[in-house]
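Everything on this sheet refers to the single structure shown next.
The values are calculated or read from the model by the stated rules, or taken from the named source; none is laboratory data. Being a predicted model, the structure only gives us computed values, none of them experimental. A quick note on method: Cβ atoms are made from the backbone with ideal geometry, for glycine too, and the neighbour counts reach across all protein chains shown. Each accessible area value is taken on the protein alone, full model and side chains, heavy atoms only, with ligands, DNA and RNA left out. Shrake-Rupley method; radii C 1.70, N 1.55, O 1.52, S 1.80 Å.
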Amino acid sequence: MARYELVKRSVALITLTNPPVNALSSAVRHAMAKSMEQALNDPKVTAVVICGENGRFCGGADIREFAGPLRGPPLVPLLDAIEAGEKPVVAAIEGVALGGGFELALVCHYCIAHFKARLGLPEVTLGILPAAGGTQRLPRLIGIPAALELITTGRHISAQEALKLGIVDQVTEQNACEVAVEFALRAVAKPLSSRRVSMLTTPCPPDLDALLEVVTMEVKKKARGVMAPLACIQAVRAAATMPYSKGIKRESELMATLFNSGQARALQYCFFAQRTAGKWTLPSGAQWNNSKPREIRSAAIIGLGTMGRGIVVSLARAGISVIAVESEKKLLETGKQMVIGMLERDAKRRGVSASLNLLKFTLSLQDLKDVDLVIEAVFEDMALKKRVFQELSKVCRPATLLCTNTSGLDVDALAGVTDRPHLVVGMHFFSPAHVMKLLEVVCGPRSSSETIATAMSLGKRMGKVSVAVGNCPGFVGNRMLKPYLDQATFLLEEGATPEQIDKALEDFGFAMGVFRMSDLAGLDVGWRIRKESGLTGPDVDPKNPPRRRHGRRYCPIPDMVCEQGRFGQKTGRGWYMYDKPGGTNAKPDPLIQNLLEMYRSRYAIQPRNISDKEIIERCLFALANEGFRILEDGIAARPEDIDVIYLFGYGFPRHRGGPMFYASMVGLERVLERLEHYHQAHPDVPHLEPSPLLKKLVACGSPSVQTWREHIKTMHSHL
Ligand code: 3H9
């Protein structure tokens, strides 16, 4: 857990050995305490170097230990003892120094960092704060404004930035550990008092209150309802206004309020869920660690609409050659100019050169014969997609993978028209594809494990969070969206307004409520799908009651909004009004209010006062209920996958953990009881009928979300 060696006859080299990130587990803390004691007591030792094995200094406290009682020596006294020691201690930072790892570096008297190292205090992203002195030492070292920014955002910084800020003493391109040993030998005779950061006086700006006020406002705006950044600000205030001994107590009190909070549990769950989601597995036994992906050097995109353009940019950014295909010269030219502009802006922002040499634009599918992989991103029309796949089958070499970016059509039906169904898979990107992190990899029943592994690995290379899902209408994300949207429109019928529903959801933590989000996405897409599926439009039998379809409740208000040419932001009118087409400043529209009033009076609906609690329960419990059905149907392998999809694809607030985790936090029994209640009140809404899996889990005593999988593994899997 920590290796102790004597090097150069007088330097104690302590190496943290807890792969993969050398987290400060109780065993590591124990071994470190022993090693430090040995170093300080051994007269032969004149200096100490601390480093981490495998080129990684330390990823911080062991987050897995947070769920249980504290065992082993606590970190704060251990770090205080390192700083107070009479022999110089040098941190040799390679890889990462994060959280407690960074705090460890802060107590070392000197820091040497490899030029590729990254440092940061990401505790805030886990719902806690840097509670091993980080909130007290960093402001003393680099000042309040810079420390506030790093601590409240959790941003990682490069070694060069750390050098500029005065956090590290030297950046090296050589082995940081060897450089640190030499540095330590030179530091032996130097006085240490000025190197003990806790003894420094915090450089305090004259307008401290005003500064803290501004940062508080910013944080509240960015992360509505999230506790940790606000606690971080209070801790930094303590660093500015109190001596270290009192500040550290304040830090510890604030940590205590956060540590057992639901938000901390949710954020830590998200951390692990994100990592679990990449570990896909099929009933055949094929899984992430026994299926080899193919190497993808070249790819083609068919269709240069919004999605296609974003995918081209993501691929080029990942260093993959891309051929982009359009059907008409004008569309090709427009798409090309937009892609080039996007890549150039992106490269400028990242300070790199745009990889334009990787791009080729063409009108001919014949140019695709040698590519490794094709992603089809044409209009969402099954007949058109089938024609494209048939054509690709003829043109591309037999080994080329054929992927579709459909957001909900049957991937297997597309595979069926090709000569290689095992090489067909869905790659469902989210718009805008070069920004949104989520990728649903849709496994058809005939997709081979190599094909899935390749799509998952390509997603990772493109910087996406990839989740393997089964093939059903809407897959996971869009399938769950339907009951959520339905509930929102039913609530409009019953008396709510778009702004009331949005406010309730935004207060819950969504960046955008459902109606603002729909206006942004465009209302015409859903309208076209409803027309195509016979729910609205001229094909509907006039004898069909307007508020019922296929024996279920149906809300025609979204169709009425679209009939008025209100397609959302792009037309300057939707559920809200905007200053101009393309405007983003949403204002409540009296015309929508009139429309709702007329609608209710036409159908003799007595509007009622609807509470925010009902809005949240109806929208979010219906969402989770569909998630339970998705688990039952084997469309998602585990609740973590669903949550990751909602976190990265649909803006579900991270501090709530995702819809499934949120349901578990509310209590499955309560979710079941509320769904039963709402279903009784609305028996013509099947989505409100509690799913069998939810009932089964409640009957099993509502086990923790991490163990639900054991209760569903006997069910049929589409993965
Ligand atoms: C803290 O320090 C509190 C203190 O202020 C003081 C308290 C008193 N613990 O991400 P990867 C696992 S809070 C336990 O895929 P990468 C991870 O789950 C901590 N496990 O690798 C995964 O496991 P598996 C503040 C951890 O190369 C494996 O390691 N620190 C921890 O893409 C590989 O991880 C942080 O927030 C941990 N601390 O990225 C840093 N870290 O193989 C959190 C990782 O079973 N960590 N694991 O799936 C990271 O940001 C990234 O893991 C890191 C490496 C950048 C280090």
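Report relative contact order for the stretch 462-598 in percent, whole number only (criteria: Cα-Cα under 8 Å, sequence separation at least 6).
Working: 131 pairs, mean separation 24.6, N = 137.
Computed value for the stretch 462-598: 18 percent relative contact order.
Any idea what the dipole of the stretch 538-612 comes to, in debye rounded to 20, about its Cα centre with Lys/Arg Cβ at +1 and Asp/Glu Cβ at -1? Working shown, then result.
Details: 14 positive and 8 negative charges, 49 e Å.
Magnitude of the dipole: close to 240 debye.
Determine the percent antiparallel among the DSSP beta bridges restricted to the stretch 1-129, to the nearest 5. Numbers along the way, then the final one.
Numbers: 6 of 24 bridges.
Looking only at bridges with both residues in the stretch 1-129, the antiparallel portion is about 25 percent.
Using a 1.4 Å probe, what is the accessible area per residue for the stretch 327-411, in Å²? It would help to have the intermediate numbers written out before the result.
Values: 4600 Å² over 85 residues.
Result: 54 Å² of accessible area for each residue.
For the pair Leu520 and Asp42, what calculated FRET efficiency results from E = 1/(1 + (r/R0)^6), where r is the Cβ-Cβ distance and R0 = 51 Å, to the nearest 0.05?
Details: r = 64 Å, r/R0 = 1.26.
About 0.20, to the nearest 0.05.
If I take R0 = 60 Å and measure r between the Cβ atoms of Arg552 and Arg3 in this structure, what FRET efficiency does the formula 1/(1 + (r/R0)^6) give, to the nearest 0.05?
Efficiency computed from Cβ-Cβ geometry: 0.40.
If you roll a 1.4 angstrom probe over the protein chains with everything in place, what fraction of the accessible area of the stretch 265-402 belongs to carbon and sulfur, to the nearest %? Kindly include the intermediate steps, with their values, before the conclusion.
On the way: 3550 of 6820 Å².
Roughly 52 percent of what the probe reaches on the stretch 265-402 is carbon or sulfur.
Run the dipole for the stretch 292-449 about the Cα centre, Lys and Arg Cβ at +1, Asp and Glu Cβ at -1, nothing else charged, and hand back the magnitude in debye, nearest 20.
Values: 22 positive and 17 negative charges, 95 e Å.
Taking the Cα centre of the stretch 292-449 as origin, the dipole is about 460 debye.
Over the stretch 545-697, with the other protein chains present, what is the accessible area per residue in square angstrom, probe 1.4 angstrom? Write down the numbers at each step before the final one.
Working: 6190 Å² over 153 residues.
I get 40 Å² per residue for this part.
Over what distance in Å are the Cα centres of the stretch 437-508 and the stretch 652-681 separated?
18
Take the cross-link list Lys292/Lys460; Lys116/Lys164; Lys8/Lys87; Lys503/Lys587; Lys360/Lys385; Lys464/Lys570 and give me the ones stretching past 18 Å between alpha-carbons.
Numbers: Lys292/Lys460 14 Å; Lys116/Lys164 15 Å; Lys8/Lys87 16 Å; Lys503/Lys587 13 Å; Lys360/Lys385 22 Å; Lys464/Lys570 27 Å.
Result: Lys360/Lys385; Lys464/Lys570 exceed 18 Å.
Return the calculated 222 nm mean residue ellipticity for the chain, to the nearest 500 deg cm²/dmol, obtained by summing -39500 (n - 2.57) across DSSP H runs with n ≥ 4 and dividing by the residue count. The partial results should precede the final answer.
Numbers: 29 runs with 329 residues, N = 719.
It comes out at -14000 deg cm²/dmol, rounded to the nearest 500.
Sticking with the crude label model, points 7 Å out along Cα→Cβ, report the distance from Asn609 to Glu213 in nm, one decimal please.
Simple spin-label model gives 3.5 nm for this pair.
Along Cα→Cβ, 7 Å out, is where each label goes; now give me the distance between the ones at Asn54 and His711 in nm to one decimal.
3.5
Under a 1.4 angstrom probe, counting protein chains only, how are His677, His687 ranked by accessible area, largest first?
On the way: His677 80, His687 35 Å².
In descending accessible area the options line up as His677, His687.
So how far, in whole Å, is the C-alpha centre of the stretch 533-567 from the one of the stretch 89-157?
56
Could you tell me the center-to-center distance, by alpha carbons, between the stretch 198-265 and the stretch 2-62 in angstrom?
Going from one Cα centre to the other spans 30 Å.
Take the Cα gyration tensor of the chain, multiply each eigenvalue by 5, square-root it, and list the three semi-axes largest first, rounded to whole angstrom.
Working: eigenvalues 485, 199, 123 Å².
Semi-axes from the Cα gyration tensor: 49, 32, 25 Å.
Starting from the 7 Å offset along Cα-to-Cβ, what nm value, one decimal, do you get for the label separation of Arg64 and Arg297?
Going from the Arg64 label point to the Arg297 one covers 3.9 nm.
Could you calculate the FRET efficiency of Ala84 with Thr306 from 1/(1 + (r/R0)^6), where r is the beta carbon distance between them and R0 is 60 Å, rounded to 0.05? Before the final figure, lay out the partial values.
Numbers: r = 59 Å, r/R0 = 0.98.
It comes to 0.55.
Among DSSP beta bridges lying fully in the chain, give the percent that are antiparallel, nearest 5. Each step should come with its number before you reach the end.
Values: 18 of 65 bridges.
Around 30 percent of the beta bridges assigned by DSSP in the chain are antiparallel ones.
Provide the gained length on full extension for the span Ala27 to Asp381, in nm with one decimal, where the gain is 0.36 nm per separating residue minus the Cα-Cα distance. Don't skip to the end; give the middle numbers.
Working: separation 354, 0.36 × 354 = 127.44 nm, distance 5.76 nm.
Gain in length upon complete extension: 121.7 nm.
Let's see if you can work this out: charge +1 on each Lys and Arg Cβ, -1 on each Asp and Glu Cβ, no other charges. What is the dipole magnitude of the chain about its Cα centre, in debye to the nearest 20?
700
Tell me whether the stretch 227-312 comes out rounded, prolate or oblate; compute the Cα gyration tensor, take square roots of the eigenvalues as a ≥ b ≥ c, and use a/c under 1.5 as the rounded threshold.
Values: a/c = 3.80, a/b = 2.19, b/c = 1.73.
Because a/c hits 1.5 or more and a/b exceeds b/c, the stretch 227-312 counts as prolate.
Roughly what angle does helix 228-241 make with the longest principal axis of the chain, taking Cα atoms, 0 to 90 degrees, to the nearest 10?
30
Given q = 0.19, 0.25, 0.27, 0.29 Å⁻¹, what are the Debye log10 I(q)/I(0) values for the stretch 61-127, with equal point scatterers placed on the Cα positions and solvent ignored?
-0.84, -1.15, -1.20, -1.25
Along each principal axis of its Cα atoms, how long is the stretch 397-538 end to end? Whole angstroms, biggest number first, please.
Rounded to whole Å, the extents work out to 57, 39, 20 Å.
Please state the relative contact order of the chain as a whole percent: Cα pairs under 8 Å, 6+ residues apart? Don't jump to the answer; show the numbers that get you there.
Numbers: 1365 pairs, mean separation 65.2, N = 719.
Contact order relative to length: 9 percent.
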